[in-house]
Structure formats: C-alpha cells, structure tokens
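**Q** Let me give you the structure first, and then I'll get to my questions.
Every number in this text was worked out from the coordinates using simple rules, so none of it is lab data. This is a predicted model, so every value here is computed, not measured. Note that we place each Cβ from the backbone using ideal geometry, even for glycine, and neighbour counts take in every protein chain shown.
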C-alpha cells in the first residue's frame, strides 16, 4: 500500500515537472495566463493610462499657442506626408513582428531571425524620421520651452520615441540571443511578450498620429475656432475617462 502511494506521488510530481518544462520553466497565474505575460499586460495597462494623460494634456493645449499668439504655430510646421511615411514604416514593423513570432512557433529559426531583424530595422528607421522631424522643427524655432505647443508636442512624441527606442533595444537583444541558440520554438513566449510591447507602441502611435497630425489646427488668422472648441471638449472627455 505504501509503495503504491509512493509511486502515485512520484508520478504526480513528474507530471508537474513536465508541465512546468512545457511552458518554458515559468509558472502560470490563477487566470491560466503565464506570469510573465500577465505582468506585461499589467504594465501595458499602466502605460496606457500614462499615454492617455499625455494625449489629453496635448489635446487641451494644442491650439493654445495660436490663442496666445506665440509662434511657431502647429499649422506652419506639421508635415503630414512625411509623417505618414514614418507611420507606415512603424505599422509595417508590426507585420514583421507577427511573422517573426509565427516562424519561431513553427520552428523556423532562420526566418524568425530575419523578420526580427527587419522589425528592429523598421523601428530604427522610424526613430531616424522622428529625429529628422525634431531637428527641422527646432530649426524653425520650435523648442520645449518656446511655447505651449512645443512643450506638449515634444513631451508626447518624445516619450513615445523613448518607448520605441527601448523596444528596438529589446528586439536587438533577442536577435543576439537567437543567434547564440537561446531562442527556440519551445520558448516562443519570450518573443511573444516582446511582441505585445511592440504592438502596443504601434497602436499608441496610431492614436498620436491621428490626433496630433491629422486633426486640423486653428490658424493664426482665427480660423477653426469652432473646431478648436470641439477638440477642447474631446480632450476634457478623455481626461474624465482616465
């Protein structure tokens, strides 16, 4: 009888170890989601609130530079065609990220590395475009301290750029790990978690691009006052939500 109990206990423990190994050596929460993945979702939720507050602040003050009369003004600087190309580059990186993860889950390590490198390159290209834009705006006289538009614009887009930069560093580090044989099919969750962060950064940029670049601004001649009022009301609604 005691021997049977011992055999059953040993089998149960062995089964637990197999389940543990099958998930890459990481435990699961009570929700059934892997702990690392759950922590990433929690981080993204807090980061969503952070960007929500930055976006709401920008929306409130987006036309204040025109009202105060201190230039340069948004409608004089915003270059939608150039930024549209940068946005397309960043959105394309989400596709290459999906392809990299899909390849790894299928055991195609080579293709996973190629698509992962492509994602990092596209992210770096976006950062280069943002640096060029910042430089051009600075040459036109827009600075962080110059007027309220410069303060809110550089703060919002700058923090997003920092997030993209951290994501690129993460992707490059995973590429090096993969080249050293440390990123295999059985631990694809590691790449999936990085992908969650990268897709979040892309989604945030869609919101920023729409609100910062596509919505028209009031001109210095006083046009767009009614539109500015609607935008101001929208900003207050966002602030109440967050």
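**Q** Considering Cα pairs under 8 angstrom that are at least six residues apart, work out the relative contact order of region 73-168 and quote it in whole percent. Walk me through the numbers before you get to the answer.
**A** On the way: 66 pairs, mean separation 26.5, N = 96.
It rounds to 28 percent for region 73-168.
**Q** Measure off 7 Å from each Cα along the Cα-to-Cβ vector at residue 210 and residue 196, then give the distance between these two points in nanometres to one decimal.
**A** 2.4 nm
**Q** Return the ratio Rg/(2.2 N^0.38 Å) for region 32-184, where Rg is computed over Cα atoms only.
**A** Numbers: Rg = 18.9 Å, N = 153, 2.2 N^0.38 = 14.9 Å.
So the Cα radius of gyration is 1.27 times the expected 2.2 N^0.38 Å.
**Q** Translational D (Stokes-Einstein, µm²/s) of region 28-91 at 10 °C and 1.306 mPa s when Rh comes from the Kirkwood sum over C-alpha pairs?
**A** Working: Rh = 15.4 Å.
Stokes-Einstein gives a translational diffusion coefficient of 103 µm²/s.
**Q** A further question follows. Provide, in order from the shortest bin, the percent of all Cα-Cα pairs of region 60-122 in each 10 Å bin, continuing until the bin that contains the maximum pair distance.
**A** Going from the shortest bin to the longest, the percentages are 21, 27, 18, 16, 13, 5.
**Q** Once fully extended, how much extra length lies between residue 159 and residue 184, figured as 0.36 nm per residue of separation less the alpha-carbon to alpha-carbon distance? Before the final figure, lay out each step's value.
**A** On the way: separation 25, 0.36 × 25 = 9.00 nm, distance 3.25 nm.
Length gained between residue 159 and residue 184: 5.8 nm.
**Q** Rounded to the nearest 0.05, what FRET efficiency is calculated for residue 110 and residue 76 with R0 set to 51 Å and r the Cβ-Cβ distance? Walk me through the numbers on the way to the answer.
**A** Values: r = 49 Å, r/R0 = 0.95.
Efficiency, from the Cβ-Cβ distance: 0.55.
**Q** Here is a follow-up. Between the alpha-carbon centers of region 134-182 and region 57-111, tell me the distance in whole angstrom.
**A** If you average the Cα positions of each part, the centres end up 11 Å apart.
**Q** So, one more: 7 Å from Cα along Cα→Cβ at both residue 35 and residue 176: what's the point-to-point distance in nm?
**A** 2.6 nm
**Q** Regarding region 171-215, what's the average projected area of the Cα-atom convex hull, expressed in nm²? Don't skip to the answer; put the middle values down first.
**A** Values: hull surface 14.4 nm².
Seen from a random direction, the Cα hull of region 171-215 projects 3.6 nm² on average.
**Q** Restricting to Cα pairs below 8 Å that are 6+ residues apart, what does the relative contact order work out to for region 34-241? Please round to a whole percent. Let's see the in-between values first.
**A** Numbers: 206 pairs, mean separation 74.8, N = 208.
So the answer I get is 36 percent.
**Q** Provide the gained length on full extension for the span residue 140 to residue 125, in nm with one decimal, where the gain is 0.36 nm per separating residue minus the Cα-Cα distance. Display every interim value, and only then the final one.
**A** Working: separation 15, 0.36 × 15 = 5.40 nm, distance 2.29 nm.
Full extension of this stretch gives 3.1 nm more.
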